[in-house]
Structures are given as structure tokens and as C-alpha cells.
Amino acid sequence: METKVLKDRNYLFHCIPKKEWKRLLPNIEQVSLPLGKVLYEPGIKMNYVYFPSTAIISLLYALENGSAVEIAVVGNEGIVGISIFMGGESTSSRAVVQSAGLGYRVPSRLILNEFNNAGPVMHLLLRYTQALITQMSQTAVCNRHHSLDQQLCRWLLLSLDRLTSNELIMTQELIANMLGVRREGVTEAALKVQKAGFIKYSRGHITILDRKGLENRTCECYAVVKAEYDRLLPNKMAV
């Protein structure tokens, strides 16, 4: 695949300087990421890190009773597997494909080597990690203090920012699992948002009709997260 095309499919790829990019390029492998695929489980050492392009990955915290709640989403702006270069090698969360698509994987040892070189790749990954931590923190606040329809709007907007279209393929059951609530609650919230004219929902297909309406309906959490990503990862290109 042409280098420019490859780099334009993920923001972090796009920002890696030429010298470091040449070292990584021979080891970058494009992979299909089908809906529901688990990229890593809690406590398991990661052999690869992933750079989504058209897929969206949910980072989930799983409880002992088998339930889980989403703590963050990663799309074409980021990387899945930050514990590799943060010193842990494994994590307590699970990474699952939320929206099917394509991505790229790179052996973990190569990303760790680049990070340990203490050069531009390290600084880029640290900025991304700070943005991701902001998203995680704000998600926790949102889930505790804001209404379910506000949470749903925030979740839809975060997903929309990481897609190239205005349509998501997502069942209410899956959304409920992501938000850590009952399916009936998601049904009620989705009906409210649909009645307001912001979305159209039919058989697992969600079409965004009014993005501005979603932004006005949601709480401040979406704006806080977006502002931090824009500050730390400026000039994100549309992919």
C-alpha cells in the first residue's frame, strides 16, 4: 500500500516522522477487525498494538459477574494497547471491536523500542495517552452524574467523530452493554433522541440526522473530551 495512503488512515501514523516511520513500515500489517472481535483480555500480555482506521474499538472494564462497562473508545485518532509503553505489558481492561472495519497492527516490541528511544514517537504517544485518560475520566463523571439520553448522545458523538459516515451499525443490547445499563433504558433514551429528530434508529442501524442537535442535547462531557483531543492532537485529518 502506498505510504501516504497508509499514513492518512490513522492520525498517529500521520504524525510519525520520516526516520521513525521507515523503521516501522516493514512491520505494519493491515488486519480486518470484525464486530465483537476481542483484541486483548485483562491480564494477558499483548503481542501487538493496533492502530484503527475504519474500525472503532471499545475499552471495557469487566466485572466478576461477567458484566462490563465501556471506559473509552479508540478510532482513527489513536492506538489500542497503551499499557505496552506505559510499563505494564498488560491491563485490567478488555478491548473489543465496537464498529467493524479495518486497522493495522504492529509488534509490541517495536512500539516499545520507539518509545524507549525517548524521541518524537514517545512524545506523540504520551500526548495521545493524556487525551485518552481525559476521555476515561470524563466518562466516569458522565455515567455518574448525567441522564441516560445525555450519555447516549455523548457516546454517539464520540463514535461519529471516528467514522467516515453518519451511520452506525449497533444494536440496543450492545449499546446497553457499552454504557453499563439495562436495555430498556437505552430503548427509552433512543426514542427520546429519535423523537427530537436527531437520529433515526431501525433494526440496529443508527443514522445521525442532526449532529448539532446531539451536541446541544448532550452534557458538557463531550465538549471537554473533544477540546482535550484537539489541544493535544491538533490538526487531526479526516480519514
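The values are calculated or read from the model by the stated rules, or taken from the named source; none is laboratory data. These numbers were taken from a predicted model, which means no experiment stands behind them. Glycine also receives a Cβ, built like all others from the backbone with ideal geometry; neighbour counts cover every protein chain displayed.
The strands (runs of 3 or more DSSP E) falling completely within the range 1-117 that include 2 or more residues that are within 24 Å of TYR222 (Cβ to Cβ), modelled with pLDDT of 90 or more and of a type in the set (A, V, I, L, M, F, W, C) map to 56-62, 68-74, 93-99.
Please work out if THR134 is buried (at least 21 other Cβ atoms within 10 Å of the Cβ) and at pLDDT 90 or above. Considered against the rule, which asks whether it is buried (at least 21 other Cβ atoms within 10 Å of the Cβ) and at pLDDT 90 or above, THR134 comes out as no. List the residue pairs whose Cβ atoms are under 9 Å apart, where the first residue sits in the range 218-239 and is outside the structural domain of PRO52 (by TED's automatic domain parsing) and modelled with pLDDT of 95 or more, the second is loosely packed, with under 12 Cβ neighbours inside 10 Å and not in a helix (DSSP H, G or I), and the two are 6 or more positions apart or on different chains. Close Cβ pairs satisfying both conditions: none exist. The requirement of being of a type in the set (A, V, I, L, M, F, W, C), more than 19 Å from GLN194 (Cα to Cα) and under 13 Å from the mean Cα position of the chain (by Cα) is fulfilled nowhere in the range 141-155; no residue meets it. Being at pLDDT below 90, in a helix (DSSP H, G or I) and charged (D, E, K, R) is a property that LYS192 has. Scan the range 125-150 for residues that are of a type in the set (A, V, I, L, M), in contact with a helix residue (DSSP H, G or I) (Cβ under 8 Å, 6 or more places away or on another chain) and farther than 15 Å from GLU77 by Cβ and the total you get is 2. On the basis of being closer than 18 Å to ILE56 by Cβ, within 18 Å of the chain's Cα centre (by Cα), of a type in the set (Lys, Arg) and at pLDDT 90 or above, does ARG127 make the cut? Against the criterion (closer than 18 Å to ILE56 by Cβ, within 18 Å of the chain's Cα centre (by Cα), of a type in the set (Lys, Arg) and at pLDDT 90 or above), ARG127 does not qualify.
Within the option set ILE56, ILE71, ILE84, being assigned by TED's automatic domain parsing to the domain that holds SER137, under 21 Å from ALA140 (Cα atoms) and buried (at least 22 other Cβ atoms within 10 Å of the Cβ) holds for one residue only, ILE56. Tell me whether the range 89-106 contains one or more residues that are touching a Leu at 6+ places or on another chain (Cβ under 8 Å), surrounded by 15 or more Cβ atoms within 10 Å (Cβ to Cβ), within 28 Å of PRO17 (Cβ to Cβ) and hydroxyl-bearing (Ser, Thr, Tyr). Within the range 89-106, one or more residues are touching a Leu at 6+ places or on another chain (Cβ under 8 Å), surrounded by 15 or more Cβ atoms within 10 Å (Cβ to Cβ), within 28 Å of PRO17 (Cβ to Cβ) and hydroxyl-bearing (Ser, Thr, Tyr). Only a single criterion out of (1) over 27 Å from ALA100 (Cβ atoms); (2) free of Cβ contacts under 8 Å to residues at least 12 places away in the same chain; (3) of a type in the set (S, T, N, Q) is not satisfied by GLN130, namely (2).
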